[in-house]
Amino acid sequence: MINEDHNFLGITSPFCDIESAAVAVLPVPYAGGVSYGYGAAEAPDAIINASAYIEFYDEVLKKEPYLMGIATVAPVLSQNSPENMAKAVASRVKDLLSSGKFPAIIGGDHSITSPAFFAINENLGRDIGVIQLDAHADLREAYDGSPMSHACVMARIREKNPYTLQIGIRSMSAEEAEYVKLNNVQLCTIYEFRKNTFNINKAIDSLPDSIYLTVDLDVFDGSVIMNTGTPEPGGFVWDEALALIESIFYKKNVIGFDVVELSAASWDRYSPFAAAKLIYKMLGFKLSSEVQRRGFDWPERPNGSIF
């Protein structure tokens with residue numbers, strides 16, 4: 001399952017070995033759910049390629065998170081239907097969980113999130129919250145005739161799981177807004193976030209302890225991520241988003257995450273690098289939060305599952 005020539009961070013053995021790694025990076029180069037800009041299928045490769053230029057040392061944590069072992073497994077290859085793709089994603093995530101790996105999933109479009117989450121939810125057998133960082137509510141029943149569009153991912157999740165929190169939203173339909181109102185959905189627009197009229201800490205605290213985190217890169221301002229499938233002006237700047245994400249990892253037990261919706265393009269080297277650094281930062285937050293939560297030492301080399 002490992003491609004030793006194409007690892008996240010460009011790391012080599014033993015730090016990329018699946019047997020001893022704590023983390024498994026799962027690329028999902030799928031774009032079957034997009035509705036506007038294209039390039040999501042090329043995003044995992046672009047992000048992994050860019051990650052080879054990231055410094056291993058985290059200047060905030062003052063540690064090197066890669067020492068826990070980060071294996072990059074073979075991508076989930078395109079299937080002949082959205083339903084088959086969802087089954088393939090779920091199957092691969094279950095395999096990683098059964099081997100004790102923390103799943104870090106690189107999309108691909110946002111439609112990959114629901115099968116990944118359902119696989120984790122089924123594996124754990126307990127209530128799990130979902131925190132979505134996104135410019136869009138993604139609460140449509142269907143879009144362009146498809147209930148498996150990237151515009152429907154949170155609608156699909158909420159059919160089976162009410163424990164959700166959506167942050168950074170700055171684009172939704174009237175129908176989605178009505179759904180939010182009728183169903184008391186915890187949704188914080190970017191306007192409410194910056195005006196401090198939505199109690200983020202209270203909302204996070206209200207969720208189950210175990211959290212799946214999905215980050216649609218269009219949650220960021222265009223100065224951070226220039227090219228996404230459905231860009232919206234006015235998103236999070238880098239430090240603003242990192243402070244929020246860090247707080248989520250320390251408040252909750254994040255049990256997996258995905259980063260989706262980059263539109264890879266030959267003219268844009270900045271966005272894949274920013275996405276790769278975001279993923280590494282998130283893995284650092286995960287490791288640091290577990291060190292704090294469980295009181296073990298920072299690893300000096302990979303030693304299997306530590307989460």
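Specify the inter-centroid distance of segment 249-299 and segment 150-228, based on alpha-carbon positions, in whole Å.
When both Cα centres are located, 19 Å separates them.
Express in % the proportion of alpha carbon pairs of the chain at distances exceeding 36 Å.
9
Which peptide among 116-124, 42-50, 232-240 comes first, and what is the full order, when sorted by highest mean count of other Cβ atoms within 10 Å?
So the order, starting with the most tightly packed, is 42-50, 116-124, 232-240.
Quick check for me: using +1 on Lys/Arg Cβ and -1 on Asp/Glu Cβ, what's the dipole size of segment 69-226 about its Cα centre, in debye to the nearest 20?
With Lys and Arg at +1 and Asp and Glu at -1, about 340 debye.
Want the number for GLN79 to ALA177: 0.36 nm per residue separation, take away the alpha-carbon distance, what's left?
32.0 nm
Return the sequence-ordered ³J(HN,Hα) values of segment 87-97 in whole Hz as given by the Karplus equation 6.51 cos²θ - 1.76 cosθ + 1.60 applied to θ = phi - 60°, using x for Gly and Pro.
In residue order, the calculated couplings are 5, 5, 4, 4, 4, 5, 5, 4, 4, 5, 5 Hz.
Considering only DSSP beta bridges where both residues belong to the chain, give the percentage that are antiparallel (nearest 5).
10
Over segment 8-294, what is the relative contact order in whole percent, taking alpha-carbon pairs under 8 Å and six or more residues apart?
Reported as a whole number, the value is 23 percent.
Residues in segment 107-148 near a label at SER98, defined as backbone nitrogen under 17 Å from the 7 Å Cα→Cβ point?
116, 118-125
Using mean Cβ contacts within 10 Å as the protection proxy, how do 56-68, 88-100 order, highest first?
Per-residue Cβ counts within 10 Å, averaged per peptide and sorted highest first, yield 88-100, 56-68.
Just grab the label-to-label distance for SER13 and ALA52, each label 7 Å out from Cα along the Cβ direction, in nm (one decimal).
1.9
Any read-out appearing in this document is the output of simple, stated calculations on the displayed coordinates, not a laboratory observation. Note that the structure is a prediction, hence the values are computed from the model and not measured. Positions of Cβ are backbone-derived with ideal geometry, glycine not excepted, and every protein chain shown enters the neighbour counts.
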